Amino acid sequence: MIEIVIVVILVGIMSALALPRFVSPSASLAARRLAADIQYAKELAIRLQTKSGVFFMDSSTYRVFQDDDVSTAAFDPVTGGNFEVSISGLFSDATLDSSFGNTLKFDALGTPLDGSDAKLTSPPANEITITSGGETWTITVEPNTGKVTLP
């Protein structure tokens, strides 16, 4: 009988620890998706030897572009269509905010640039924040290298 009580208590503790991961995954999933899309834009710029990047259309929608043309979406290898993502549609109430304006570009060497083609500087000038359900995630794009990191 004591063994059953101990097992029930252990299962309860493990459930309490795991529950927050399943209750509000929106911000973390949206941050991971955006970080992967930024990395894809960087790789696209290097592969095509042209400026490519991410254009933030509003607080919940962004477009991956190529050939230094923010008005034309790049090809999305997953969907086969235009590379435009609405994070509010995918992740309920998620919103995003970038510290460098609405355009993040990469040159042919993978160096990150803002919309006016100026190199990104140190934090906070190179951060994108995603918020959902009281949870906040910050994506950082490293100056010079363009390395995309999440905490």
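All of T121, T140, T79 fail the test of being without any contact (Cβ under 8 Å) to a residue 24 or more places away in the chain, closer than 18 Å to A27 by Cα and out of contact with any helix residue (DSSP H, G or I) (no Cβ under 9 Å at 6 or more places or on another chain), apart from T140. One residue alone among S116, S122 is assigned to a loop (DSSP other than H, G, I, E, B), under 21 Å from Q66 (Cα atoms) and not acidic (D, E), and that residue is S116. Considered as a group, the residues in region 56-107 that are surrounded by fewer than 16 Cβ atoms within 10 Å (Cβ to Cβ) and among the hydrophobic types (A, V, I, L, M, F, W, C) include one that is modelled with the lowest pLDDT, and that residue is L90.
Do the conditions hold for A94, that is, is it small (G, A, S) and more than 19 Å from K42 (Cα to Cα)? Yes. Taken over region 129-149, the criterion of being among the hydrophobic types (A, V, I, L, M, F, W, C) and either at pLDDT 90 or above or in contact with a Gly (Cβ under 8 Å, 6 or more places away or on another chain) (or both) is satisfied by I139, V141, V148. Taking region 42-70 only, how many residues are assigned to a loop (DSSP other than H, G, I, E, B), closer than 22 Å to L120 by Cβ and of a type in the set (G, A, S)? Qualifying residue count, region 42-70: 1. Does G115 satisfy being surrounded by fewer than 19 Cβ atoms within 10 Å (Cβ to Cβ) and free of Cβ contacts under 8 Å to residues at least 60 places away in the same chain? Here the answer is yes, as G115 does meet what is asked.
The values are calculated or read from the model by the stated rules, or taken from the named source; none is laboratory data. Bear in mind the structure is a predicted one, so any value in this text is a computation, not a measurement. Don't worry about glycine lacking a Cβ; one is built from the backbone with ideal geometry, like all the others, and counts go over all protein chains shown.
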